[in-house]
Amino acid sequence: MAPWKVLVVDDEEGIHGITRMIFRGYEFEQRPIELISAMNGTEAKDMLAQHPDIALVLLDVVMETDNAGLLLVEHIRNDLSNKDIRIVLRTGHPGYAPEAQVIVNYDINDYLSKAELSASRLLTSVVVALRSYRDIKSARQQAAANPEQPGNDNQLLESAAKQLHGQMQPILQQSQRLQQFDLNPVAKDLTSNLHAQHQRLHNSITLLSEISAPHQTDMIEPITLMDEVLHTFLPQSRRDGWLLDYSIDPQLPAQIKTDPAYLRQLLLSLVELAILQAGGNDLKIVMQAGSQDDQMVLSIAQTFGQPRFSQEPWVVHLQQQIKLLAEQLHGQMLDIEDNGALRCVLPI
């Protein structure tokens with residue numbers, strides 16, 4: 001069978017030798033691994049042109065320049081428009097490319113420090129990357145083989161969402177662990193921002209998958225949930241200069257019984273949709289008692305300015321998923337009002 005092609009890009013010959021030694025005789029799914037070497041970004045571009053079927057790039061950051069590896073990432077994703085190839089960064093100079101910033105700002109699939117890298121850790125990372133590449137290619141082949149099959153695009157999206165969800169989970173877990181460390185204020189702020197961005201990305205990926213019925217009912221404090229949501233969007237609101245506020249009706253009980261995960265997902269999705277139509281204006285979430293004793297109304301609206309309604313595919317998809325989430329919680333999403341207010345009525 002054809003081998004898995006792995007491009008190793010590093011300006012240290014010793015790294016190439018160690019990598020060859022680790023993968024000598026190694027197979028993944030009865031296919032050998034073929035290592036292709038490049039000593040710098042220019043050679044890597046040539047190898048990518050000669051071997052369009054490369055599945056994975058093991059990439060150093062600091063080579064002929066301090067950011068040569070990151071420039072190659074941009075070349076692969078933007079110039080070549082190759083979203084399938086998996087990219088794993090290996091660096092001996094983490095100060096030049098801090099992990100948190102690189103994961104957020106660049107489309108990479110893993111980040112490894114050479115100082116802490118073991119053979120088993122490298123093997124694990126490569127296997128995960130190759131498995132992801134295999135699934136992406138399989139989904140594309142099925143789509144090409146059945147171009148007229150109804151729902152094919154949805155199947156591809158769901159397949160990709162499952163792969164992204166699997167890759168996001170360990171990153172999200174690591175960012176949650178970082179919150180527990182006693183860090184200096186700057187590092188604490190960076191890790192908090194990273195965790196918030198991970199939560200938003202995780203929610204967006206989840207929205208690409210089919211929504212199933214709620215599976216867990218528990219008591220949850222509305223004020224705790226609202227604080228979590230505000231912290232999730234705090235990095236963007238700081239960056240873009242708008243505010244997100246909330247108020248809770250004192251007539252609501254201090255705890256409500258619902259599916260916490262689905263209610264959190266509904267709130268995050270409502271805010272995402274509101275941001276898209278707010279045009280940088282301030283937003284406010286209101287949680288209030290409904291017309292019936294066993295109901296509550298969730299609403300989010302701009303505090304001033306006119307909303308910008310859009311029919312872009314992602315906006316339409318968000319609206320559909322919010323409606324489904326509300327229904328799965330045995331409630332409903334009401335029609336969007338003229339002032340752009342988004343409202344859901346839910347049982348408590």
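Can you find even one residue in region 134-151 that is within 21 Å of the chain's Cα centre (by Cα), over 22 Å from ILE54 (Cα atoms), outside any helix (DSSP H, G or I) and at pLDDT 60 or above? No, every residue in region 134-151 fails to be within 21 Å of the chain's Cα centre (by Cα), over 22 Å from ILE54 (Cα atoms), outside any helix (DSSP H, G or I) and at pLDDT 60 or above.
Residues that are surrounded by fewer than 19 Cβ atoms within 10 Å (Cβ to Cβ) and either at pLDDT 80 or above or closer than 23 Å to TYR26 by Cα (or both) do not occur anywhere in region 88-105.
I need the full set of residues from region 219-229 which are open to solvent by less than 40 Å² (accessible area, probe 1.4 Å) and more than 17 Å from PRO347 (Cα to Cα), in order please.
MET226, VAL229 - these are the residues of region 219-229 that are open to solvent by less than 40 Å² (accessible area, probe 1.4 Å) and more than 17 Å from PRO347 (Cα to Cα).
Within this structure, LEU276 fails the test of being under 18 Å from ARG200 (Cβ atoms), modelled with pLDDT of 90 or more and part of a helix (DSSP H, G or I). In region 221-238, the residues that are over 11 Å from ARG264 (Cα atoms) and part of a helix (DSSP H, G or I) reach residues that are open to solvent by less than 60 Å² (accessible area, probe 1.4 Å) and aromatic (Phe, Trp, Tyr) with C-beta atoms within less than 7 angstrom, at least six apart or across chains, in these pairs: LEU230/TYR246.
Pairs are defined by a Cβ separation below 9 Å, a sequence spacing of at least 6 or placement on different chains, a first member in region 327-348 that is farther than 22 Å from GLN216 by Cβ and of a type outside the set (Val, Ile, Thr), and a second member that is modelled with pLDDT of 90 or more and open to solvent by 40 Å² or more (accessible area, probe 1.4 Å); the pairs so defined are LEU334/ARG343; ASP335/ARG343; GLU337/ARG343.
Looking at (1) of a type in the set (Gly, Ala, Ser); (2) in contact with a helix residue (DSSP H, G or I) (Cβ under 7 Å, 6 or more places away or on another chain); (3) surrounded by fewer than 20 Cβ atoms within 10 Å (Cβ to Cβ), which one does GLY340 not meet, given that it meets all the others? The single condition GLY340 does not satisfy is (3). Checking region 27-48 against the condition returns a match, with at least one residue being over 21 Å from LYS114 (Cβ atoms) and among the polar types (S, T, N, Q). Residues of region 48-69 that are surrounded by fewer than 18 Cβ atoms within 10 Å (Cβ to Cβ) and more than 18 Å from ASN109 (Cα to Cα): ALA49, GLN50, HIS51, PRO52, GLU64, THR65, ASP66. The set of residues in region 261-280 being open to solvent by less than 30 Å² (accessible area, probe 1.4 Å) and more than 18 Å from ALA196 (Cα to Cα) consists of GLN277, ALA278. Put simply, of GLN306, GLN311, GLN321 the only residue that is open to solvent by 80 Å² or more (accessible area, probe 1.4 Å) and either touching a residue at least 24 places away in the same chain (Cβ under 8 Å) or outside any loop (DSSP other than H, G, I, E, B) (or both) is GLN306.
The values are calculated or read from the model by the stated rules, or taken from the named source; none is laboratory data. In this text the structure is predicted, and so the values were computed from the model without any measurement. Using ideal geometry, Cβ is built from the backbone for each residue, glycine included, and neighbour counts are taken over all protein chains shown. Areas reflect the complete protein model, heavy atoms only, side chains present, ligands, DNA and RNA absent. Shrake-Rupley method; radii C 1.70, N 1.55, O 1.52, S 1.80 Å.
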